[in-house]
1. Of a type in the set (G, A, S), crowded, with 21+ Cβ neighbours inside 10 Å, closer than 30 Å to A:F152 by Cα and at the interface with another protein chain (Cβ under 10 Å from one of its Cβ atoms): does that describe A:S293?
2. Which one is modelled with the highest pLDDT, of the residues in the range A:221-243 that are closer than 18 Å to A:P156 by Cα and assigned to a loop (DSSP other than H, G, I, E, B)?
3. Just a yes or no: is a residue in the range A:35-49 of a type in the set (G, A, S) and within 18 Å of A:M244 (Cα to Cα)?
4. Just wondering, is there one or more residues in the range A:141-149 that are modelled with pLDDT of 90 or more, within 14 Å of chain B (Cβ to nearest Cβ), over 18 Å from A:T233 (Cβ atoms) and touching a helix residue (DSSP H, G or I) at 6+ places or on another chain (Cβ under 6 Å)?
5. If I filter the range A:252-290 down to residues being more than 24 Å from A:D58 (Cα to Cα) and β-branched (V, I, T), which single residue comes out as farthest from the other protein chains (Cβ to nearest Cβ)?
6. Quick one: which helices (runs of 4 or more DSSP H) lie wholly within the range A:82-174 and hold at least 3 residues that are at negative phi and more than 22 Å from the chain's Cα centre (by Cα)?
7. Within the range B:53-86, track down each residue that is of a type outside the set (A, V, I, L, M, F, W, C) and within 30 Å of A:L17 (Cα to Cα).
8. Being at the interface with another protein chain (Cβ under 7 Å from one of its Cβ atoms) and in a helix (DSSP H, G or I) narrows it down to one of A:L33, A:L10, A:L47, so name that one.
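The values are calculated or read from the model by the stated rules, or taken from the named source; none is laboratory data. Treat the numbers as computed from the prediction; the structure is a model and nothing was measured. In this analysis, Cβ positions are derived from the backbone assuming ideal geometry, glycine residues included, and neighbour counts consider all displayed protein chains.
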Amino acid sequence: MFFSKSDKLLFYAILPLIAGVLGILLILSFVILTQSWPSFQRFGLALFTENAWSPSSDPQKEFYGLSAPIVSSLYVSTLSVLISIPISICLTLTLIEILPNQLGTPLRYVTEVMGGLPTVIYGLWGSTILTPLLRDQVMKPLHDFLGFIPIFSCRPLTGHSILTASITLAVATTPYVTALFIEGYHLIPSKYKEGAYSLGATDYEAYKIMIGILKPYIIAASLLGFSRALGETTIVALTVGNSMRFSLCLFDPVHTIPSLIANQFESARLYEYALPALFAGALVLLIISLIASYFGIRLIYGWRERIHV
Amino acid sequence: MYKSLSSRKIKNRIMLFIIVAVSILYVTPLISIIYTAVERGGATLLEAGLTFLTNLPPTPLSTSVGGIAPALIGSLLASALAILISTPIAFLAAFYVTEFPKHSLSRMCEVVVRSFSGVPSIVVSMFIYSTVVIGMGRQSLLAGSLSLSIVTLPYAYVYFTSAFRSIPESLREAAMSLGMNRVRALIHVYIGVLRGSLVTGLLMSYVRAFGDTAPLLFTMGFLMNSVFAGVLQQSNAIPLMIFVYALSPYEIFHRVAWGATLVLLLIYLTLFTVSRILVRGVKL
């Protein structure tokens, strides 16, 4: 590499900045850890194996367990990613292959608009428009006819539920996942598509081959989408129903970690261990999110290097 | 053995149709969102008129919807302050990583800044709460801006890196062959070439900060009784107000929330479209 004297100066001048950015990340993790420490000391593992939110003015009677919100967080994020993957694959193919530029441009524009749309708008829309629609048109019929299946077994009440949150979340994260898919799709060498067509494949068969090649990238991008969905607060807090219970039934209201934090933070300041318990939840969230996005990014870089040889 | 050609062609047609149909169906939520915002938010705006932007919010017992002035001012200021902090850092980091791509430090920088996008914004909010808010003794516009700046940092970084990568290698070589060092090349060549993308990057980061709720939850406060109290005092933000009012049981707050949603949607769509037009103008 070419390195003149002034370039070296520049290089070292920017160093403190990089160190500062790294420092913020470390301090952030450290602060969250120390703030949650009292709850670990007090409740130990029960914090992650029990499900309870019982604040009390007497610190001896306080008890908190986050097992249900943790499971619900993972459940809702996984569902939303599972919903958004097929939609994103369709959008990727439509935008790149099927619709010619003139017709595809408005669709591309709209997808980008939806990608940057403030999440609180999705949340408000999800809770006032989508919720009653899903309850009357989807949840009630499913419960009436397929109620014997465990995930449909609970009676839908207000409509604010795991299903509503997952769908709203999927609508909001699909543009992000699609953008990643499109980026990956463009990296696939054209020889594969040419090969498929020269063997007489139809368009659909050629796309199937391309998506097959993209599969590792799809998994990686989904990890990034998962990490984003996991930390999403506004949408979930407005649609998931905010109830401290353990349920895998799609029509039940639950709490995710972010929705619990958003709802309880203000009042938690009044109790001795409530705030530390919320910070413990944040710590779990932070660790899972960082791991998911780390592996997502690493897989993407690995795939990029492999695809070009 | 082989399926006949015509059945494969029919399958092809059907599958292509399904793929396009799913893609187009995906857009329906946005149509529904815009329709509802115009219908419900429009009613609120018609009732309050332009004073919706200049009045204080109502109380649960008010008869008129009042306005969202504290939130509007808070959002405008906090987002500006946030990108004032985050975009210079993101810009320098992006410049550094694209200019010295092989260096181990710049690889680390890439990993660290990208990890920031894995930090949930509500966790950032809690972090700023336990440091800045506790330290200052109160929630403030400054704390909200700091929170927003951390959240927008990776976003601006990704944008600037792709802008720097889009500089044609020939321009870079030309600058170097004129004996420029990297700082001079940045000032005299790159910034000129990237003008449009840089403005777009700023604008997109601003839009991002403007629409974000979670980073402000425990940092910004919820100012209702005056329009602006100072940078070191409590403030408010449009997304925050929508969120809090949507969760409240009062009908009048829901009406304000929809009005604020329409305002937010209009601001967002305008800024977004402007930045898109700028991008189109600078394609090399």
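1. Numbers: of a type in the set (G, A, S): yes; crowded, with 21+ Cβ neighbours inside 10 Å: yes; closer than 30 Å to A:F152 by Cα: no; at the interface with another protein chain (Cβ under 10 Å from one of its Cβ atoms): yes.
So A:S293 does not fit the description; no.
2. Among them, the one singled out is A:V240.
3. Pass one, the range A:35-49, residues of a type in the set (G, A, S): A:36, A:39, A:44, A:46.
Next cut, within 18 Å of A:M244 (Cα to Cα) only: A:46.
Looking for residues that are of a type in the set (G, A, S) and within 18 Å of A:M244 (Cα to Cα), one finds at least one in the range A:35-49, hence yes.
4. no
5. Out of the qualifying residues, it is A:V254.
6. Numbers: elements: A:101-116, A:119-125, A:131-134, A:140-146.
So the answer is A:101-116, A:140-146.
7. First pass over the range B:53-86, keeping only residues of a type outside the set (A, V, I, L, M, F, W, C): B:54-55, B:57-60, B:62-64, B:66-67, B:70, B:74-75, B:79, B:86.
Result: B:G74, B:S75, B:S79, B:S86.
8. Working: A:L33 fails: at the interface with another protein chain (Cβ under 7 Å from one of its Cβ atoms); A:L47 fails: at the interface with another protein chain (Cβ under 7 Å from one of its Cβ atoms).
Answer to the selection: A:L10.
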